[in-house]
Amino acid sequence: MRCSMCGYDFDPSELACHASCPLGAGCMVICCPRCGYSTVDPERSRLTRRLLRMFDRKSPATAPASLEGTVRLLHLKPGQDGHVCDVGGEGGRLARLSQYGLLPGTPIRLTQKRPVPIVQVGQTELALDISVAAEIYVDV
């Protein structure tokens, strides 16, 4: 399982909190061993499984016709690399982001999605607003 807060991969069956939980076998909470973030185990909760099916967001991102073959930055997985194809939005956004090295053709790595998207451009790490990250298209 991957922690939705810090992106750490771990096996929920090996967690010490399940062994010492007073609810025992009925416990549906999983705690990340790295950051301590608690979430409900979707494998054990029928309500969570039902909600995940209802709000399934695994459909691929559709790019404008001029950007065929690209995806939005937020559709990358943490740790995945790509090359910036377009920085959409208002006219001054590209100028402001270019000061940090975020230009079309630049290699980029999404290091974290939550709580805010963090990208690595060269040796620089940038925390982006979700609305800004949603308008950046990358070629994987």
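Worth pointing out:
Conditions (1) within 15 Å of the chain's Cα centre (by Cα); (2) more than 19 Å from residue 2 (Cβ to Cβ); (3) modelled with pLDDT of 85 or more, marked per residue:
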{"position": "61", "(1), (2), (3)": "yes, yes, no"}
{"position": "122", "(1), (2), (3)": "no, yes, yes"}
{"position": "132", "(1), (2), (3)": "yes, yes, yes"}
{"position": "136", "(1), (2), (3)": "yes, yes, yes"}
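- One residue stands out in segment 26-43 among those that are at pLDDT below 75 and part of a loop (DSSP other than H, G, I, E, B): the one that is surrounded by the fewest Cβ atoms within 10 Å (Cβ to Cβ), namely 43.
- Pairs where the first residue, in segment 38-65, is under 23 Å from residue 138 (Cα atoms) and of a type outside the set (S, T, N, Q) and the second is modelled with pLDDT of 70 or more and surrounded by 13 or more Cβ atoms within 10 Å (Cβ to Cβ), C-beta under 6 Å, 6+ apart: 61/71; 61/72; 61/75; 63/70; 63/137
- Checked against (1) of a type in the set (Phe, Trp, Tyr); (2) exposed (fewer than 12 other Cβ atoms within 10 Å of the Cβ); (3) modelled with pLDDT of 85 or more, residue 55 meets all criteria but (3).
The values are calculated or read from the model by the stated rules, or taken from the named source; none is laboratory data. Not measured: the values here are computed from a predicted model. Using ideal geometry, Cβ is built from the backbone for each residue, glycine included, and neighbour counts are taken over all protein chains shown.
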